[in-house]
1. I'm told LYS72 meets every condition in (1) charged (D, E, K, R); (2) within 10 Å of the chain's Cα centre (by Cα); (3) open to solvent by less than 70 Å² (accessible area, probe 1.4 Å) except one. Can you identify the failing condition by its number?
2. If you check LYS72 against the conditions, is it under 15 Å from ASP25 (Cα atoms) and either touching a Cys at 6+ places or on another chain (Cβ under 8 Å) or charged (D, E, K, R) (or both)?
3. Checking PRO96 against (1) at pLDDT below 90; (2) in a loop (DSSP other than H, G, I, E, B); (3) of a type outside the set (Lys, Arg), which single condition isn't satisfied?
4. Quick one: how many residues across segment 95-123 are open to solvent by 50 Å² or more (accessible area, probe 1.4 Å), under 11 Å from PRO68 (Cβ atoms) and touching a residue at least 40 places away in the same chain (Cβ under 8 Å)?
5. Could you count how many residues in segment 22-40 are surrounded by 14 or more Cβ atoms within 10 Å (Cβ to Cβ) and in a strand (DSSP E or B)?
6. Note down all Cβ pairs under 8 Å where the first residue falls in segment 78-94 and is open to solvent by 20 Å² or more (accessible area, probe 1.4 Å), the second is among the polar types (S, T, N, Q) and modelled with pLDDT under 90, and they're at least six residues apart or on different chains.
7. Within the set of pairs 6 or more residues apart or between chains, which connect a residue that is open to solvent by 10 Å² or more (accessible area, probe 1.4 Å) inside segment 41-57 to a residue that is among the polar types (S, T, N, Q) and assigned to a strand (DSSP E or B) with Cβ atoms less than 7 Å apart?
8. Go through (1) more than 10 Å from the chain's Cα centre (by Cα); (2) loosely packed, with under 15 Cβ neighbours inside 10 Å; (3) at pLDDT 90 or above; (4) not β-branched (Val, Ile, Thr) one by one and return the number of the condition LEU60 breaks.
Amino acid sequence: MTQTAVTRDVHPDPMVSSDNVEGTDVYGTGGDKVGTIGRMMIDKKTGNVAYVMMDFGGFLGLAQEEHPIPWKSLRYDEERKGFVTDITKEQLESAPARNDGWQRDEDMHARIYEHYGIVPYWF
């Protein structure tokens with residue numbers, strides 16, 4: 001019986017392409033999957049990733065909701081090959097309602113970050 005050595009990348013690449021982030025699972029701190037990353041929202045002036053649009057709920061894509069969650073609320077978990085967040089299902093369900101122009105509404109950005117208890121990316 002031959003044993004194969006498992007090689008671990010001690011210094012994984014610190015950069016990730018946006019197309020590799022999209023579709024990545026998001027887990028709660030308890031290990032349950034809470035959603036999937038749809039797309040990233042980047043502040044054009046600062047270049048900071050402001051949000052990821054997280055898809056959650058629904059069944060087979062039906063009645064699925066999309067919410068902006070602060071990028072700073074996620075941390076990558078190597079073992080799960082996904083992101084982990086402290087944001088709860090209840091927080092997602094009670095997130096501030098957005099209108100069509102929410103991306104241009106500075107007050108809306110402040111309400112979203114405050115709702116999730118995250119320091120805004122612009123600070």
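1. Only one criterion is unmet by LYS72, namely (3).
2. no
3. (1)
4. The total comes to 1.
5. So the answer is 11.
6. Short answer, once both residue conditions are applied: ASP86/THR29.
7. These pairs meet every condition: ASP55/THR36.
8. It is condition (3) that LEU60 fails.
The values are calculated or read from the model by the stated rules, or taken from the named source; none is laboratory data. Just so it is clear, the structure is predicted and the values come from calculations on it, not from any experiment. All Cβ positions, even for glycine, are placed from backbone atoms using ideal geometry, and neighbour counts span all protein chains on display. We work out accessible area using only protein heavy atoms, side chains counted, and drop any ligands, DNA or RNA first. Shrake-Rupley method; radii C 1.70, N 1.55, O 1.52, S 1.80 Å.
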